[in-house]
Amino acid sequence: MACDYIKKLEIDKENNKITGYIADGNMTPLSYRKCEMYKWKETFEEKYASLIRSIISRNASVFR
């Protein structure tokens with residue numbers, strides 16, 4: 001089972017963005033890349049709620 005590693009989260013409420021440095025656990029060596037998470041969500045509240053839900057449930061699809 002694959003897992004993603006998040007090195008750093010940047011939460012920017014003013015610009016409606018949540019970004020993170022993410023690496024795929026299946027690839028070695030780990031290579032982190034900056035990705036915007038939940039681009040398809042419209043409001044910041046939806047993005048933030050999805051992030052918290054993903055962390056609690058250990059969901060790996062945070063940036064897809």
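Structure notes:
- Each peptide in 18-24, 47-53, 8-14 was scored by the mean count of other Cβ atoms within 10 Å over its residues; highest first, the order is 18-24, 47-53, 8-14.
- Under the simplified labelling scheme, the I56-I11 pair shows an inter-label distance of 1.4 nm, with each label point 7 Å from Cα along Cα→Cβ.
Read the figures in this text as sums done on the coordinates, not as results from a lab. Source: prediction; values computed, not measured. Quick reminder, even Gly has a Cβ in these numbers, built from the backbone with ideal geometry, and neighbours come from all protein chains shown.
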